[in-house]
Structures are given as C-alpha cells and as structure tokens.
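Taking it in order: structure first as structure tokens, then the write-up.
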Amino acid sequence: MSQSNSGFLLHTVICDVNLSLACFNPPSHLHLYLYVCSCICKDCVTYMSLMQSLAQHSGFFCLPSPSSSSSSLSHTTSQFSDLCVVRFNNQQLFLSPPLCLQLQSSRIRSLSLLKEPQTNGLEVVVKKDQQALIKRIAAEEGGKVDGARSTEAAVRALTWALRDAEDGAELESLLADMEFPLPVYSSVIQKLGKEGRYKAANYLFRWLQTKIDAKERANVYIYTSLLGAFKASGCVEMANLLVKEMTEMGVALNLVTYNTIISLYKQQGRFEEALGIFDEVQKLGLQPSFVTYSYVFQIFKKTANFDDALDLYQKIKVLSNVKIGLLQSSMKVDDFYITLNNLENLERWVVQAGLQRIMNGLASQSNRRKLVVVFQKMKGAQLKISRLDCRMLILHCGRSEEDYFLLKALFHFMQERDLFLEVYLCNHIIRAFGEGYKFWAALEVFEHMLMKGPIPSTVTYKILRSQFHVLLSAASRRKIWKWALQLIDKMIDKGIEPDTYAWNITLAACAKAGKATAAVEAFQKMIERGAMPDVYSYGALLSALEKESLEEKAEQVWNSMHKVMVMPNDAAYTTMISLYGKIGKYGKVMDMFHEMQKSGIQPSLITYNALITACALAGDGEGALGWLETMNANKIEPDSTTYQQLIEALANANDWKRAAAMYVEMQKLQLQPSHSTYDLVLKTCKANDAHIEIGLLGPRPHEEKRRNTVDASFVSMEQLSSDIRPPACTSVV
C-alpha cells in the first residue's frame with residue numbers, strides 16, 4: 001500500500017519537559033520532546049518506512065526504535081493504551097506506539113514537517129481519564145526540580161487534565177473520589193486563567209462549590225483565583241458579576257482580592273471606583289502593598305491627578321525608612337516592605353502624572369501660569385525630573401504667547417541641574433520667546449549658549465536675525481532711529497551679522513526721522529561689514545538726503561547706483577523728483593520723469609503726487625491740473641494727497657475758484673481733506689476778496705493729534721517689544 005493512500009495520520013502532542021525527563025532521561029541540554037502517534041492501516045513495514053523517511057528529512061533520530069514485528073508493536077500499543085485512541089469515521093481502529101523524537105533547539109522550524117493535514121474524517125482524541133491523571137501526577141513528581149513546592153506536581157497535572165473540560169459532569173468523572181487541598185484548586189484556577197481557559201476555571205470553581213461545605217464556599221482565595229482568571233482572560237462582565245457575588249456571599253476580602261478588583265476597575269477605565277476601593281482598604285486598616293500603590297499611581301498618571309499623586313507619595317516617603325528599605329522600621333523583612341527601587345518607581349509615576357497634567361494643559365490652551373505652578377510643585381518636592389522630561393515639555397510649548405512662563409521655568413531648571421540642552425532645544429526656546437515677543441529673554445538664551453554651550457547653529461542665527469528684524473521694524477515705525485542703530489550694534493556685538501534687510505530697515509528709520517548724516521554713516525558701515533546694498537538700501541539713503549534737501553550728495557548716490565549696476569526703481573525716481581521739486585528745479589523734475597519713462601518704469605500714484613507737489617511749490621496750477629489729467633488718462637485713481645497738493649498748487653497760483661471747486665470735488669469723491677487744506681481754501685478766497693458760502697465747503701475737519709516723539713535713550717528692549725503686535729518674527733525651520 002502506497003504512503004499517499006495508506007491513511008496515515010501523524011499527530012504531535014508537545015508534552016512537558018519534566019515528563020520527558022522522567023520517562024527517557026535524555027541529555028541535560030535543551031531539547032524539544034515530541035510524542036508522535038501514528039495510525040497504521042495494514043503493516044508495520046509502511047510505518048517504519050515513513051519514520052525513516054521523516055528522520056532523513058528533518059534531522060530527527062528516534063528513541064527507541066520500534067520493533068519490526070507486529071507482536072512487538074501490539075505489545076507497545078497495549079502498554080500505552082491509556083494515552084491515545086485513534087478513530088476513523090467514528091470507528092475505533094487500534095493504537096500506535098508513541099515514539100520519543102529528540103529535536104535540537106536549532107531545528108524547531110522542522111516542526112512543520114510533522115504536521116499533516118487531517119483528511120478522510122480521521123480524528124485523534126486524547127483520552128484524559130482518572131487513570132491518565134494519576135500517571136500524569138506520577139510523571140510530574142518524577143520530573144520535579146529541587147526546591148519546587150510539594151503541590152506543584154498535582155497543580156500541573158490537574159491543569160493538563162482540566163484545560164479542555166466542558167462541563168461539571170466531565171469534572172465529576174475525572175475527579176471522583178480524589179481529594180486535593182483547596183490551595184491546589186486555587187492554583188489550578190489561576191493557571192487556567194493565565195492560559196485563557198476561563199471556562200474551565202469557572203467549571204472547576206462551580207464544581208468545588210458543590211463539594212465543599214458552606215464555610216469553605218466563601219473561601220476568599222478561591223474567589224480571588226477565579227477573579228484573577230477572569231481578569232487575565234479579559235472577561236470583564238464575568239469578573240464584575242463575580243465581584244457582586246462575593247459581596248452577596250459576604251466573602252471576607254483580603255489585600256490580594258482588593259488589588260485584583262482595583263486592577264480590574266483600572267483596566268475598565270472605572271478610575272473613581274478603583275480609588276474608592278483603595279480608600280476602603282485604608283479604612284479597613286489593611287496595609288497597602290507596592291502592587292496596590294502601583295495600580296493607584298497608574299490611575300493618577302492616566303487621569304493626570306498630580307496633586308493627589310504627590311500627596312500620597314509624600315505620605316509613603318515619610319512612613320518609609322529609606323535606609324533599610326522598610327515601610328516601617330518595626331516591621332520584619334519578611335512582611336510587606338517598599339524597597340528603594342519600588343519607591344523610585346512610585347516617584348516616577350508621580351512625575352509622569354505631573355507631566356501628563358502639564359501636557360493636557362498645553363493641549364487645551366489653559367492658563368499657563370497654573371502649569372508653571374504644577375512644575376514648581378514638582379521641583380519643590382525634589383522629584384527626579386529627567387532631561388528627557390524637560391525636552392518633551394519644551395517641544396510641546398510655543399503654541400501660545402503665555403508659554404513663555406513655562407519655558408522660562410524649564411530653561412532655568414535645566415541650568416540649575418546642569419542638564420545638557422541640545423542646539424535644537426535652544427532654537428525652539430528662542431523661537432518660542434520671539435513669537436511671544438520676549439526678545440530679551442531669547443537673547444538671554446543665546447548668551448547662555450555662547451558662554452556654556454551648545455554652540456549656536458546657523459539656524460540659531462537665522463532665528464535671532466529674524467527677531468532683530470522685528471525689533472528694527474518697530475523702531476523704524478516709531479522713528480526711533482537711535483535705537484535702530486543701537487540694535488545694529490547689538491547684533492554685531494553678539495556675533496549676529498546684520499544682513500541687507502536689517503541694514504535697510506535701519507536706513508529707513510533714519511530716513512523717516514530725517515537724519516541724513518546718520519543714514520550716510522549707517523550706509524558706509526554697511527559696506528564696511530561686507531553687506532551688499534540693493535535698490536532698497538539706495539532708496540532709503542536717497543529718502544534721508546531728500547528730507548534735508550541735500551542735492552549734491554543725492555546725485556552722488558544716484559550716480560553710484562548706476563556704477564554698481566543697481567537699477568533704480570519707481571521709489572528711487574520718485575525720491576529724486578521730490579528732491580528737485582523741493583529745491584525748485586522744475587526742469588530737472590521733468591528730466592528725471594522722462595528718464596523714468598525711458599527706462600520702462602511706469603509712474604505710480606506716489607510719483608504723480610510728487611510731480612503735483614513740485615507744481616504746488618512752483619505755484620504752477622495749470623501744470624498740476626495737467627498731471628491730474630494724465631493720471632486719469634492712465635487710469636490711476638487719485639487719493640487725498642493728490643487733491644490736497646492740487647488745491648495747494650491752485651491756491652499758490654491765486655486760482656481760488658478752481659481751488660474751491662477741487663475741494664468740493666474731493667468731498668464728493670469721499671476723500672478726507674485735512675484741516676490745513678480747508679484753511680488754505682478760505683485764506684485764498686479772502687485774499688482775492690471772494691465770497692464763498694461756508695456751507696458749501698462743509699465743516700472744518702478736525703486736527704489730527706500728532707504722536708509725541710520718543711527719545712531713544714529712554715526706550716528699553718522690553719518697552720519696544722511691547723509695542724510690536726504683530727508682525728511676529730519669521731519662523732525658520
């Protein structure tokens with residue numbers, strides 16, 4: 001009969017190492033012992049050929065080798081008849097001798113060669129009756145290692161026998177007339193729970209309830225074992241029902257039971273109930289163990305309940321005699337105690353609860369000052385806050401301006417504890433300080449990097465340079481030109497080389513303040529520092545010279561621009577037009593305008609306003625009207641400045657009628673005239689003895705309050721940065 005149709009079935013049963021040691025006493029090094037049971041349809045020859053083929057294929061060698069005679073085979077079969085029964089289509093055939101196959105640990109992958117798919121209705125049933133259980137116990141006793149508990153063999157054998165139990169009747173047939181101590185049953189229930197066989201554990205528990213007397217039925221150890229089995233198997237509902245049953249039965253709970261219930265509630269997210277059980281433990285006078293505390297502190301961590309975690313930890317620390325590692329000096333070493341390592345674990349959970357509280361606050365945009373209070377409590381309690389903890393908090397800051405307070409506390413804490421700050425952390429702090437407009441604090445961090453490290457990176461300088469841009473822009477807006485120059489000097493002093501943009505803002509601040517000399521000096525310093533002036537640099541310098549009507553120097557700058565191949569833009573042309581118009585050189589005004597057109601640059605609204613202003617200064621009303629017509633032809637919409645300068649040009653030309661008409665037209669266009677323009681129209685009309693209705697011009701506009709000038713010598717960086725809202729500093733990645 002061929003091997004393919006012989007109806008062979010190989011079934012592997014992995015038995016315990018101790019049983020194999022007891023039966024065959026192999027070498028002491030690690031092996032995996034397999035019992036292979038085979039069903040032989042006709043002869044032993046086929047059986048032996050298959051075993052030899054298997055040995056050659058997988059590297060096995062057999063101990064012992066079966067006899068080729070059928071009588072020998074039958075003898076072996078009867079010897080092991082209590083272990084295996086082979087069935088074919090519900091008909092019992094006969095038994096086969098088990099073979100002990102020894103497999104080196106490096107050949108575990110060969111296990112797949114032993115597993116043949118079951119076909120043709122073949123079924124292997126492992127018979128576990130009382131006789132098999134007794135032999136199993138004997139084998140376990142023989143293989144028991146030194147130091148093992150006396151009941152361990154019975155526990156292991158019972159677990160093996162009961163793991164597939166399906167009802168109480170099966171338990172009754174298996175355990176009838178057999179008596180074991182309750183701790184054995186308790187241990188079996190625990191083992192079945194760890195294996196995930198909670199049903200078998202429950203069957204055993206219920207069977208015990210029918211066999212023991214009423215006093216023993218409320219045995220807390222049995223209940224606790226089953227509760228642990230349900231918990232280990234994830235049977236939450238059954239565990240909850242068992243807790244309710246324990247309450248109804250009046251089971252006197254011990255600390256282990258309470259720990260299991262607390263762990264169960266923690267697993268379900270029932271944190272308040274778990275803490276309630278902990279309070280009950282304390283009220284009953286039971287001394288919580290480290291396991292109890294660990295569950296409670298894990299709940300504090302998950303709920304970010306830092307205050308209660310810190311209070312409980314400090315109480316434990318006071319009660320602990322840390323030097324000898326005991327909870328109370330009067331307790332024995334064999335009793336419950338908290339070691340130094342356990343105390344450190346509790347402390348770590350307290351730290352994690354505090355960190356979670358701060359993290360939740362950062363994510364919810366809560367009051368940042370309260371988060372600083374939490375951190376200060378952690379610091380005051382001398383908890384071990386690691387560098388990684390600080391790093392995590394720092395990286396989560398920066399989403400709000402108020403994060404500055406927590407970042408400052410973290411930065412100073414790391415300084416005090418000599419915790420190393422990486423460059424990217426310092427960059428993150430500097431960026432966050434800048435986004436919170438705390439530039440002076442950002443500069444303090446930078447100075448710390450220069451003195452104590454780490455060495456600032458190129459990203460550090462980019463971030464700080466962008467923050468100086470913000471400060472320079474604020475100084476420029478407020479026309480605090482001295483402060484702008486001081487900021488440039490500060491950048492140079494700290495090794496932050498100003499870029500062209502920083503110099504341009506400084507030049508613009510000088511130009512707005514009309515400080516031509518300061519602008520020229522800043523421009524020269526810019527060139528000396530190696531910065532390359534661009535069209536905006538020259539434009540700001542020309543604007544400063546235009547404010548003081550310095551024609552000769554402006555023309556030198558203009559010629560210099562062309563020499564270095566910096567082509568003027570519309571702002572530069574407009575500045576020169578304004579300069580020539582201011583000094584009354586109308587011919588040069590027109591020359592500059594024509595040059596602007598030849599270069600292909602289209603005049604802007606500001607350019608036309610400068611041209612009309614030049615006409616106003618020259619008293620050329622017709623010329624001003626001509627520029628207005630040109631603007632309309634080029635579809636450039638005039639603004640208030642256009643009409644105000646046009647009215648001034650007409651008034652200077654004593655053309656009071658058209659001056660008044662332009663004022664009325666200005667109002668119709670909903671352009672807001674200034675009070676000086678209103679006064680100029682009235683003054684021109686009176687000078688020409690013209691009578692005009694006041695109601696036609698409307699009420700006199702209110703005078704705008706001029707902002708007081710600020711002396712830069714009295715402005716601090718804090719005062720200047722407080723005036724910046726927004727723009728924020730440029731974010732550099």
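The values are calculated or read from the model by the stated rules, or taken from the named source; none is laboratory data. The structure displayed is predicted, hence computed values, not measured ones. Glycine also receives a Cβ, built like all others from the backbone with ideal geometry; neighbour counts cover every protein chain displayed. Ligands, DNA and RNA are stripped out before the accessible areas are found, and what is left, the full protein with its side chains, is counted by its heavy atoms. Shrake-Rupley method; radii C 1.70, N 1.55, O 1.52, S 1.80 Å.
Once region 128-140 is narrowed to residues that are surrounded by 17 or more Cβ atoms within 10 Å (Cβ to Cβ) and of a type in the set (D, E, K, R), the residue that is modelled with the highest pLDDT is Arg136. The single condition among (1) at pLDDT 85 or above; (2) of a type in the set (D, E, K, R); (3) farther than 26 Å from Thr257 by Cα that Lys191 does not meet is (3). Within region 364-377, being of a type in the set (A, V, I, L, M) and open to solvent by less than 70 Å² (accessible area, probe 1.4 Å) holds for Leu371, Val372, Val374.
Among residues of region 373-391 that are within 12 Å of Val350 (Cβ to Cβ), those with a Cβ under 9 angstrom from a residue that is in a loop (DSSP other than H, G, I, E, B) and among the basic types (Lys, Arg), sequence gap 6+ or separate chain, pair up as Ile385/Arg417. Yes or no: Gln314 at pLDDT below 85, surrounded by fewer than 15 Cβ atoms within 10 Å (Cβ to Cβ) and of a type outside the set (D, E, K, R)? So Gln314 does not fit the description; no. Summed over region 654-697, residues that are more than 60 Å from the chain's Cα centre (by Cα) and open to solvent by less than 20 Å² (accessible area, probe 1.4 Å) total 10. Among the residues of region 331-348, the one identified as buried (at least 19 other Cβ atoms within 10 Å of the Cβ) and either under 21 Å from the mean Cα position of the chain (by Cα) or modelled with pLDDT under 75 (or both) is Ile338.
Residues checked against (1) assigned to a helix (DSSP H, G or I); (2) acidic (Asp, Glu); (3) open to solvent by 10 Å² or more (accessible area, probe 1.4 Å):
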residue: Ile189; (1), (2), (3): yes, no, no
residue: Lys199; (1), (2), (3): yes, no, yes
residue: Arg206; (1), (2), (3): yes, no, yes
residue: Thr224; (1), (2), (3): yes, no, yes
residue: Leu253; (1), (2), (3): no, no, yes
residue: Tyr258; (1), (2), (3): yes, no, yes
residue: Gly285; (1), (2), (3): no, no, yes
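When we screen Asp489, Asp499, Asp493 for residues that are closer than 14 Å to Ser537 by Cβ and either among the charged types (D, E, K, R) or modelled with pLDDT of 95 or more (or both), the only hit is Asp499. Take the residues of region 448-487 that are outside any helix (DSSP H, G or I) and free of Cβ contacts under 8 Å to residues at least 40 places away in the same chain: which is surrounded by the fewest Cβ atoms within 10 Å (Cβ to Cβ)? Checked region 448-487; the qualifying residue surrounded by the fewest Cβ atoms within 10 Å (Cβ to Cβ) is Ile455. Of all residues in region 622-635, none are modelled with pLDDT under 95, open to solvent by less than 50 Å² (accessible area, probe 1.4 Å) and either touching a Gly at 6+ places or on another chain (Cβ under 9 Å) or in a loop (DSSP other than H, G, I, E, B) (or both).
Among the residues of region 667-699, those identified as outside any loop (DSSP other than H, G, I, E, B) and either among the β-branched types (Val, Ile, Thr) or in contact (Cβ under 8 Å) with a residue 60 or more places away in the chain (or both) are Thr677, Val681, Thr684, Ile694. In region 156-164 there is no residue that is in a loop (DSSP other than H, G, I, E, B), at pLDDT below 75 and charged (D, E, K, R). Of Thr292, Thr247, Thr303, all but one fail to be under 32 Å from the mean Cα position of the chain (by Cα) and open to solvent by 20 Å² or more (accessible area, probe 1.4 Å); the exception is Thr303. Applying the condition of being among the acidic types (Asp, Glu) and free of Cβ contacts under 8 Å to residues at least 12 places away in the same chain to region 399-436 and asking which residue is least open to solvent (accessible area, probe 1.4 Å) yields Glu416.
Just one residue in the set Ala176, Ala169, Ala157 is open to solvent by less than 40 Å² (accessible area, probe 1.4 Å) and either over 17 Å from Glu195 (Cβ atoms) or β-branched (Val, Ile, Thr) (or both); that residue is Ala176.
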